[in-house]
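The block underneath contains the structure these notes are about, expressed in structure tokens.
The values are calculated or read from the model by the stated rules, or taken from the named source; none is laboratory data. No experiment lies behind these values; they were computed from the predicted model shown. Note: ideal-geometry Cβ built from the backbone for every residue, glycine included; neighbour counts use all protein chains shown.
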Amino acid sequence: MGRFLSLFLLPMLLFGTSLKPFKWKDGESFLTFLERTKLPLSIYYNLDKEDQKLTEDIPYNANCQILVSDKNTIRQILIPVNDELQLQIYITPKKRYAMKVVPIISETHHEALYLPIKSLPYNDIIHATGSNNIAATFVKMFKNKVNFKSGLNPGDPIIIVYDQKYRLGKPFSMPEIHAAMIDIKGVRYAMYRHKDGHFYDAKGAQFEKFLFKIPVRTPRITSRFTKSRWHPVLHRYRAHVGVDFGARPGTPILATGDGRVTFAGFSRGYGKTIKIRHSNGLTSLYAHQKSFRSGIRSGSSVKQGDVIGYVGNSGLSSGPHLHFGMYAGSTPIDPLSVMKKKTEGFSGKERNVFLAIRNKMDRIFTQKLATKPVSRKYVDFQNTYYVDKDTFQVKPF
Ligand SMILES: [Zn+2]
């Protein structure tokens with residue numbers, strides 16, 4: 001009997017394809033990955049400069065997938081570079097390996113969560129959403145206004161309005177909070193995300209204390225941050241996980257905030273690069289430098305505004321400029337969203353834009369308060385999607 005079974009099973013194992021998940025190793029370069037998996041290095045060398053640079057931004061621990069067919073042939077590999085784009089290594093009709101940048105298909109759901117305080121908001125939010133990120137952001141938003149350790153009243157409402165991406169029916173990538181409120185003994189505290197990415201209270205005052213400064217004295221932005229952009233001329237997807245400042249070679253580069261240098265060296269794509277880790281956990285990156293200021297090395301302490309190096313054209317750069325990146329862990333964020341703003345409060349057109357956002361969110365708060373609060377959010381998207389084995393794209397049933 002056992003023999004029969006194995007005879008039936010064997011061909012399935014031999015001729016079937018299997019999809020295996022793996023995590024991107026910390027410190028692994030794209031070239032060493034190709035060597036390790038015995039794939040041709042031409043995959044990398046055939047890419048253009050921009051796509052080569054993109055491979056340096058693969059976050060460690062990225063959730064990758066490999067499709068292996070019979071005889072252990074690699075059919076496809078998918079490597080996400082952020083929550084919108086992924087690298088796809090595939091076999092061409094001429095049986096050669098190639099790579100392209102393709103979008104990650106996901107669905108964004110606008111969600112509003114209404115829950116009563118039971119213990120501490122941080123714990124309550126994790127219990128309800130399973131997301132440390134929402135809980136931590138919420139506490140940070142109100143940290144200067146609300147004492148979360150005392151004075152809370154069980155049953156008082158918390159509302160969080162946010163976007164959550166879903167892939168394969170499961171929450172995917174970081175949720176993005178648009179607004180949040182908490183009532184404490186009849187007093188409402190609310191914060192709203194303006195279009196600049198910062199949170200403000202109902203009067204338009206900014207709450208964040210730790211703020212960064214633009215790393216050049218006369219900034220001229222030549223390219224902004226984007227996780228995914230379709231290039232209409234090149235007909236391909238592009239990501240630019242930083243902000244470029246056009247500047248003459250030798251222009252001083254300033255530390256965006258106090259911190260400790262964690263890297264001062266060379267990488268193929270970014271050239272002479274410095275990374276600084278800041279006390280709020282973010283890391284800033286300064287690429288394509290001509291040279292570092294003498295004495296700057298891994299381990300150096302720097303203050304906001306200190307000169308750390310000079311603008312250049314090293315690495316895969318097409319002209320002198322500073323590529324300035326900002327990372328939360330290994331996830332790139334828009335550096336301009338954490339820069340200090342010159343003005344306090346809004347005026348004119350910008351004030352109207354902010355008030356429109358605030359009023360919309362206030363309406364959501366009111367609608368939500370008229371419903372029943374939840375203790376645990378229940379999401380049921382199971383079995384509504386499948387993954388196409390060849391394209392790896394998510395498709396609805
Ligand atoms: Zn750049």
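Every listed requirement among (1) of a type in the set (Ser, Thr, Tyr); (2) surrounded by 21 or more Cβ atoms within 10 Å (Cβ to Cβ); (3) more than 13 Å from the ligand (Cβ to nearest atom) is met by Thr273 save one, (3). Name the residues in the range 40-72 that are in a loop (DSSP other than H, G, I, E, B) and without any contact (Cβ under 8 Å) to a residue 12 or more places away in the chain, would you? Within the range 40-72, Leu41, Asp48 qualify. Check whether at least one residue in the range 167-177 is more than 29 Å from Asn352 (Cα to Cα), part of a helix (DSSP H, G or I) and of a type in the set (A, V, I, L, M), and report yes or no. No, because not a single residue in the range 167-177 is more than 29 Å from Asn352 (Cα to Cα), part of a helix (DSSP H, G or I) and of a type in the set (A, V, I, L, M).
Residues are listed down the side, and each one gets a yes or a no for (1) under 30 Å from Met99 (Cβ atoms); (2) out of contact with any strand residue (DSSP E or B) (no Cβ under 6 Å at 6 or more places or on another chain); (3) not assigned by TED's automatic domain parsing to the domain that holds Met174:
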residue	(1), (2), (3)
Val216	no, no, yes
Phe225	yes, no, yes
Val233	yes, yes, yes
Tyr237	yes, no, yes
Thr256	no, no, yes
Arg277	no, no, yes
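Residue by residue, here is whether (1) surrounded by fewer than 16 Cβ atoms within 10 Å (Cβ to Cβ); (2) polar (S, T, N, Q); (3) assigned by TED's automatic domain parsing to the domain that holds Asp334 holds:
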{"site": "Pro40", "(1), (2), (3)": "yes, no, no"}
{"site": "Asn46", "(1), (2), (3)": "yes, yes, no"}
{"site": "Glu50", "(1), (2), (3)": "no, no, no"}
{"site": "Pro59", "(1), (2), (3)": "no, no, no"}
{"site": "Gln65", "(1), (2), (3)": "no, yes, no"}
{"site": "Ser69", "(1), (2), (3)": "yes, yes, no"}
{"site": "Ile77", "(1), (2), (3)": "no, no, no"}
{"site": "Asp83", "(1), (2), (3)": "no, no, no"}
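Considering the range 306-351, the qualifying strands (runs of 3 or more DSSP E), each wholly inside and each with 2 or more residues that are within 12 Å of the ligand (Cβ to nearest atom) and surrounded by 14 or more Cβ atoms within 10 Å (Cβ to Cβ), run over 321-328. Residues satisfying the criterion are absent from the range 295-305 (criterion: in the same structural domain as His323 (by TED's automatic domain parsing), of a type in the set (Lys, Arg), away from the ligand (no atom under 16 Å from the Cβ) and within 20 Å of the chain's Cα centre (by Cα)). Summed over the range 228-248, residues that are crowded, with 17+ Cβ neighbours inside 10 Å and more than 13 Å from the ligand (Cβ to nearest atom) total 2.
Would you confirm whether any residue within the range 180-202 is within 16 Å of the ligand (Cβ to nearest atom) and in contact with a Gly (Cβ under 8 Å, 6 or more places away or on another chain)?
Within the range 180-202, the subset within 16 Å of the ligand (Cβ to nearest atom) is none.
No: the range 180-202 contains no residue that is within 16 Å of the ligand (Cβ to nearest atom) and in contact with a Gly (Cβ under 8 Å, 6 or more places away or on another chain).
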